[in-house]
Structures are given as structure tokens and as C-alpha cells.
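Notes to accompany the following structure.
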Amino acid sequence: MATQTVNKDAISNLSFVLNKPGDVTFEERPKPTIADPNDVLVAVNYTGICGSDVHYWVHGAIGDFVVKDPMVLGHESAGTIVEVGSAVKHLKAGDRVALEPGYPCRRCAFCRAGKYNLCPDMVFAATPPYHGTLTGLWAAPADFCYKLPDNVSLQEGALIEPLAVAVHIVKQAQILPGQSVVVLGAGPVGLLCAAVAKAYGASKVVSVDIVQSKLDFAKSFCSTHTYVSQRISPEENAKAIKELADLPIGADAVIDASGAEPSIQAGINVVRVGGTYVQGGMGKPDITFPILAMCIKEITVRGSFRYGAGDYELAVELVRSGRVDVKKLISSVVSFKQAEEAFQKVKTGQVIKILIAGPNEKV
Ligand SMILES: [Zn+2]
Ligand SMILES: [Zn+2]
């Protein structure tokens, strides 16, 4: 693949800015510069839209993170290196990279323990008060930019972020070869969790959702079984899932990628005695939880937040080796000027993943 060097001065830094809920504008913002010898400047080529971006756009807040000042949206991006700081050794202008969009302090107890996703001083793109990557030029520490192998496109590169989320969730589930996994929710992260679980050697991967079309896609993508959740009790849904996938004692691991209360309740009921349950989806902050079942089945319950050491590298490798075909998730690619329409499409559930081209990219 030909590398091209980009002229920094010719690059627009047009950005997609959220002013307040529902109010977005395009703004030519000042270009970032290399502030540290270990930084690089990246021209953003493609950005995927995440549920969290849509949530900020609609509600202006997620929990304690409240958009008080105008904020550039977006955090699922791939781009081309334009300039490198004097200390950067492994990247050069023209390299194509996936951007890991959160920068930890590197000094706190969590960072030093290798759990940097738990850093209390994380600077994360498009999480207020920090700007996101729906912009022309992005400055980043070079070690949070992952060079894309020649056979991985920049569009696939924009999918590395949600894939890294799935990698982290599946690591938390500690799936072993031959095991059975139930994934609740067949949105992008649920689909990617199912695919990663399969890459980890799971022999049964059951996708569960309330929307049949999403499950049809899951079946074509990676799932061995699919189940449409019914309006029955969580115990009855769990029983039906076990029958459908021939899991008489339940699943070895259950991943919830929906955040929905009935899913979580069904998930705890479908996991086997001594199995593992991972909460990946974020929904209501508080729910009714089947804690007795968790106790008497001695279930290991884990949370999962963003991604940490090794997750981006593994995500890139899963795409390079063809074990997770992220291209299939891309419903469409639109120009930067169509960013608001793209958000609308994600909100109304018309697409799996839509990519927004960078402002300097021709579509
Ligand atoms: Zn995301
Ligand atoms: Zn830290």
C-alpha cells in the first residue's frame, strides 16, 4: 500500500462540535501541535460513531460526565501520521494508525499496576471536558497509536476501538477453548464480543437480542446459535436459551453487552454453577439483580471498562489474521459534512456501524 506524506498546512481542522444537547456545529478549530517529543500528529481519516457519542449528543451527559462547554465528539478513529516528535522511533509520517483515544497519567497506583483503564486521571476523547476525534488533526502520544498492517484498511482501523472494548470484555470472561458463551445484546460491541469469544476458542457462541434482524446478522457474522428474547420471565428466557443451545447445566460464560435489566437477569440465570458473568453494557445505573442465584451458583461476576494493556494490539492482530472480519459491520461511510445525519441514523438504529470520513478525506 502506498504511503503518502501529508502537508500539515494544507490540512483543515474542521471539527464536529456538540454545543449543548441536540445542538451541533462545524467549526474550524486551531490546529494542535506536538507538545511533547513523544507525541505525533495524525490526520484523521475515518471515525465510527459509538453509543456514548449519541448519548452525549441527545442528553449532554453520561452519569457524572456532563458537557458544560462545547466539545468535539468522536473517539473511534484511524488516521495517517503527519508529523512525529523528536523522540518517536516506531512511527513515521505516512504511517496509518488506529488511535487509542484515552491517555492515562502513567503514574498512579492503577497505571503502575498495569490497569491503566482504571486511572482516575484518564484524559479520554469526547468525554467531557476533553475534545474528541471528529476533527482534522489529532495530537497523541505515539505509544497510543497502533500501526495498521498492510492488509488492514483505515476503515477497518476505525473499528479497532470497539473491537478493543470486546477484547477487554472477553478477557474478563476468561474463556477457554471448547467452552460455551452467551452474549446478550447484538449491537456492535455484542457482535464483536461474540466474534472474539469464538477466536478464543469457544465452541458455542449464542447471541441474544430482541431484534430478529440483528440476530440474522449475528448468525452470518460468527454466532453458532441465536435467540430472540421473549416477553416472559428472565428464568423462562434462560431456560429457552439453554434448551436451544443444548446447554443443560448452563453456559460457561455469559457476557451482557446490552445493559438492559431483563437481559442481565436472564444472563445470571443462564450461567452455569461456578461460571463467569461479565457486565460490558451500560444501561440504567441501578437495577434489580438476581443476587441469590449469583450466590448459590457461586458465579464470578466482573465489570469491564474500556480497554487496557495489550487489548489494542490483540484487536489489530484479530483483524490482520482475518479472525474477526470487522469490515462486515460497516453499514456505510459518509462525508464529514454528513456527520449529523450519521448520528441520526445511529440513534434510530438504522445502521450497525457508520463511519464518518475525516474533513480532509474524499468520499
Ligand atoms: Zn466507543
Ligand atoms: Zn494513572
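For the chain, give the magnitude of the charge dipole about the Cα centre (Cβ charges: +1 Lys/Arg, -1 Asp/Glu; no others), in debye to the nearest 20.
Roughly 440 debye, rounded to the nearest 20.
Restricting to the chain, compute how many DSSP beta bridges are antiparallel as a %, nearest 5. Intermediate values should be presented prior to the final figure.
Working: 34 of 60 bridges.
Close to 55 percent.
Over the chain, with every protein chain in place, what whole percent of the accessible area is carbon and sulfur at 1.4 Å, could you tell me?
54
Extension gain Asn151-Thr25, at 0.36 nm per residue separation less the Cα-Cα distance, in nm?
41.8 nm
State whether the range 164-303 is rounded, prolate or oblate according to the following rule on the C-alpha gyration tensor (a ≥ b ≥ c being the square roots of its eigenvalues): a/c under 1.5 gives rounded; otherwise a/b larger than b/c gives prolate, and the remaining case gives oblate.
Rounded is the answer for the range 164-303, as its axis ratio a/c remains below 1.5.
In 10 Å bins starting at 0, how do the alpha-carbon pair distances of the chain split up by percent?
6, 25, 33, 24, 10, 3, 0
Enter the accessible area per residue of the range 164-303 (Å², integer; probe 1.4 Å; all protein chains in place).
For the range 164-303, the solvent-accessible area averages 43 Å² per residue.
Label Phe65 and Ala35 with points 7 Å out from Cα along Cα→Cβ: what is the distance between them in nm?
Output for this residue pair reads 1.8 nm.
Sort 23-34, 152-163, 210-221 by the packing proxy (mean of other Cβ within 10 Å over each peptide's residues), most packed first. Spell out each step's value before the answer.
Working: 23-34: 13.8, 152-163: 25.3, 210-221: 15.8.
Most protected by this proxy first, the peptides run 152-163, 210-221, 23-34.
Heavy-atom accessible area of Asp209 with all protein chains present, probe 1.4 Å, nearest 10 Å²?
Estimated to the nearest 10 Å², Asp209 gives 20 Å².
How much length is gained if the chain between Asp216 and Ala10 is pulled fully straight, taking 0.36 nm per residue apart and subtracting their Cα-Cα distance, in nm to one decimal?
69.7 nm
Report Val228's accessible area, 1.4 Å probe, all protein chains in place, as a number in Å² to the nearest 10.
40
What is the Cα centroid distance between the range 307-329 and the range 106-157, reported in whole angstrom?
16
So which of Lys204/Lys327; Lys198/Lys284; Lys204/Lys362; Lys89/Lys204; Lys115/Lys198 end up more than 31 Å apart by C-alpha?
Where the Cα-Cα span goes over 31 Å, the pairs concerned are Lys204/Lys362; Lys89/Lys204.
Taking the alpha-carbon centroid of each part, what is the distance from the range 71-100 to the range 208-286 in angstrom?
Cα centroid to Cα centroid, the span is 38 Å.
Arrange the peptides 16-22, 117-123, 42-48 so that the one whose residues have, on average, the most other Cβ atoms within 10 Å appears first.
42-48, 16-22, 117-123
Given Cβ point charges of +1 (Lys, Arg) and -1 (Asp, Glu) and nothing else, what value in debye, to the nearest 20, does the dipole of the range 63-116 about its Cα centre take? Walk me through the intermediate numbers first.
On the way: 8 positive and 6 negative charges, 77 e Å.
The calculation lands at about 360 debye.
The values are calculated or read from the model by the stated rules, or taken from the named source; none is laboratory data. Just so you know, these numbers come straight off a predicted model, no measurement behind them. Note that we place each Cβ from the backbone using ideal geometry, even for glycine, and neighbour counts take in every protein chain shown. Please note that ligands, DNA and RNA were not included when accessible areas were found on the heavy atoms of the full protein model with its side chains. Shrake-Rupley method; radii C 1.70, N 1.55, O 1.52, S 1.80 Å.
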